[in-house]
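Reviewing the structure listed below.
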Amino acid sequence: MKLDSMYQEVILDHYKNPHGRGLRDGDAEVHHVNPTCGDEITLRVKYDGTRIEDVSYEGQGCSISQASASVLNELLVGKNLTDAQKIQETFLELMQSKGKIEPDDAMEEVLEDAVAFAGVSKYPARVKCALLSWMAWKDATAQALDGADAERKTA
Amino acid sequence: MTTEADRGAAISFTLGDIHPHDVGQVLDEQGIAVRVGHHCARPVCLRYGIPATTRASFYLYSTPAEIDALVDGLEHVRNFFG
């Protein structure tokens, strides 16, 4: 069944048992909404220097958007910002590939569970669902780290 | 004799906690086309406390068989995400 190519077991697992769900202490908070409607997320990031100490979130939305947030938490918490950015860029590349990228071993190593979303790239309407939490993380990170820079400059 | 009272041709609905994006995806796989999302009416969704709805529209060319297919399709959605 074609549906299996998108709704992989890994994704449904993350949807039913989301990692790290809940809002906790953070350096910055953002609220993002999927413009094709119905998915939203409130996300906070906490940094320890350039190490991601926590990514906490609450939201409502489709299985793809919620599972993606869960995978993001699992993949990024504990990572250094540079490594996290590489993961985010690789995921973005895969999501925008229109089904043309078949993840190789190298990509699987970077993305881990996120590689399960490969099938989503064939469904343009769902790409934004998968990317919602990642865009929110990028935004929150920019605010958290730029804000810290501003503090250092004015101090 | 049927009248127009209490009848409509566009029905927006929710299906338990299953998100409309997912409902639409599974129905699409079965050859059933519905619309999902806010339908340019987010304030209504907020008013009813729901993230979005699925909307089925019927017209003079819709057949009872197609309606049956929709109902069967929704059962399938429930089983898939249940």
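The values are calculated or read from the model by the stated rules, or taken from the named source; none is laboratory data. Treat the numbers as computed from the prediction; the structure is a model and nothing was measured. Cβ atoms come from the backbone with ideal geometry, glycine included; neighbour counts cover every protein chain shown.
Here are some notes:
- Failed item, numbered, when residue A:47 is tested on (1) touching a residue at least 60 places away in the same chain (Cβ under 8 Å); (2) not in a strand (DSSP E or B): (2)
- Conditions (1) at pLDDT 90 or above; (2) more than 9 Å from every other protein chain (Cβ to nearest Cβ); (3) under 26 Å from residue A:16 (Cα atoms); number of the one not met by residue B:58: (3)
- Among the candidates B:39, B:76, B:21, residue that is assigned to a loop (DSSP other than H, G, I, E, B) and closer than 25 Å to residue A:123 by Cα: B:39
- Within the stretch B:26-43, residues that are more than 9 Å from every other protein chain (Cβ to nearest Cβ) and surrounded by fewer than 17 Cβ atoms within 10 Å (Cβ to Cβ) reach partners that are at pLDDT 95 or above and part of a strand (DSSP E or B) with beta carbons closer than 7 Å, at six or more positions or on different chains, in the pairs B:35/B:55.
- Residue match in the stretch A:49-62 (condition: surrounded by fewer than 19 Cβ atoms within 10 Å (Cβ to Cβ), among the polar types (S, T, N, Q) and within 14 Å of chain B (Cβ to nearest Cβ)): yes
- Residue A:13 passes every criterion in (1) of a type outside the set (Phe, Trp, Tyr); (2) more than 12 Å from chain B (Cβ to nearest Cβ); (3) part of a loop (DSSP other than H, G, I, E, B) apart from (3).
- Filter result for the condition that a residue is of a type in the set (D, E, K, R), in contact with a Lys or Arg (Cβ under 6 Å, 6 or more places away or on another chain) and in contact (Cβ under 8 Å) with a residue 12 or more places away in the chain, over A:74, A:53, A:58, A:40: A:53
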